[in-house]
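Working notes, beginning with the structure itself.
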Amino acid sequence: MEIQKTNEINSLLTFYGDLLTEKQRVYIELYYAEDYSLGEIAENFDVSRQAVYDNIRRTEKSLLKYENHLHLARDYYAREAVGDEMAAYVAEHYPEDAQLQLYLSQLIAIDNQDGDVLEEDV
């Protein structure tokens, strides 16, 4: 399995997992997060390997469709990158500005809180 695709699907699952059916979520978590083979999943659920394969492919398409429409993952990671850059800039150029430090820490806390909620769900 390609590492980049695995990381992408796991990330999308973090953002959109609640939009999937229970079976979709379980199959894709076992396949991507737990590294089960199609055969192992099929055996555990007493279904054919082809049924598992089809379910996972449909679920991948659904996750990508959600991201193409909603952009939650893209926007979250973009905000995270800008926040990191801004924190470094403020620390270097405005280390004595307590109010600016407070505002920045509040923004970062809000975004981190959203991320913590997402990570708890996984």
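Seen from ALA51, the other residues with C-beta closer than 13 Å to its C-beta sum to a net charge of +1, counting Lys and Arg as +1 and Asp and Glu as -1.
Can you give the FRET efficiency to the nearest 0.05 for GLN106 and ARG57, using r as the Cβ-Cβ distance and R₀ = 41 Å?
That gives a FRET efficiency of 0.45.
Note on the chain: helix-only mean residue ellipticity at 222 nm, from DSSP H runs of 4+ residues weighted -39500 (n - 2.57) and normalised by residue number, equals -26500 deg cm²/dmol. Anisotropy class assigned to the chain is prolate, per the alpha carbon gyration tensor with a/c at or over the 1.5 cut-off and a/b larger than b/c. Of the three principal axes defined by the Cα atoms of region 3-70, the extents in descending order read 35, 23, 16 Å. Exposed loop sites were defined as GluC sites (Glu not before Pro) in DSSP loop states (anything but H, G, I, E or B) carrying at most 12 other C-beta atoms within 10 Å; in the chain the longest segment without such a site runs 35-95. GNM remark for the chain: springs join alpha carbons under 10 Å apart, and the peak mean-square fluctuation among TYR32, TYR89, TYR53 falls on TYR89.
Each reported figure results from applying straightforward, stated rules to the coordinates on display, with no laboratory input. Everything numeric here is computed off the predicted structure, so don't read it as measured data. Note: ideal-geometry Cβ built from the backbone for every residue, glycine included; neighbour counts use all protein chains shown.
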